[in-house]
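Please treat every number below as a calculation from the coordinates, not as lab data. The structure presented is a predicted model; accordingly, all values stated were derived computationally and were not measured. Note that we place each Cβ from the backbone using ideal geometry, even for glycine, and neighbour counts take in every protein chain shown.
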Ligand code: ATP
C-alpha cells in the first residue's frame, strides 16, 4: 500500500478538508510544488489557484486563495483566506464576480481599487478554472 500524507485545509471559517492522501500539488507563490509523504519540512506562501490531491486512483481539486502551506514529514496544512472544494464552487457567482472585477478594472479610479479588483478577478478566474478541471 502506498504511504499517505495528512492533508488539512483550513480557512478562518471552517475546516475545508482533512484527509489522508497520496500526493498533493500546491500552487505556491514561486510556482506549483508537489508533496509526498516524508517531504522535508518547509513553509510556502500560496498563490491564487487550484490545489490538487490524489487519493484512491482519483484526482481532486480545491480552490485556494491567500495564506500558507506548512509541510512536515507526514502532514501538509493549508491555512487559506478562502478555499472551496471544486464541487462547492458556485460558478455563476464566480462569473458575476469576474464581470464586476473587469468593470472595476476598466473604471480604474485609484491604485487601491485597481489592486483589489485585480485580486478579485484572479480569484474569480481561478474558481472557474478549478470547476472546469472537474468538467463543471
Ligand atoms: P464574491 O465577490 O462572489 O464574494 P470573493 O472572491 O470576493 O467573491 P472571497 O472573499 O474569496 O470571495 O470569499 C468569501 C467567502 O465566500 C468565502 O467563504 C468563500 O469560500 C466564499 N465564496 C466566494 N466565491 C464563491 C464561489 N464562487 N463559490 C462558492 N463559495 C464562494
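Extension gain for residue 113-residue 72 works out to 11.0 nm (0.36 nm per residue, less the C-alpha to C-alpha distance). Each label point was placed 7 Å from the Cα along the Cα-to-Cβ direction; for residue 18 and residue 55 their separation is 1.3 nm. Taking every C-alpha pair closer than 8 Å and separated by at least 6 residues, the mean separation divided by the residue count of the chain gives a relative contact order of 22 percent. Over the chain, DSSP H runs of length four or greater, each weighted -39,500 (n - 2.57), average out per residue to a 222 nm ellipticity of -10000 deg cm²/dmol. Enter the Cα centre distance for the pair segment 75-108 and segment 109-129, rounded to the nearest angstrom. Measuring centre to centre over Cα atoms gives 9 Å. Of all DSSP beta bridges confined to segment 1-90, the antiparallel ones make up roughly 90%.
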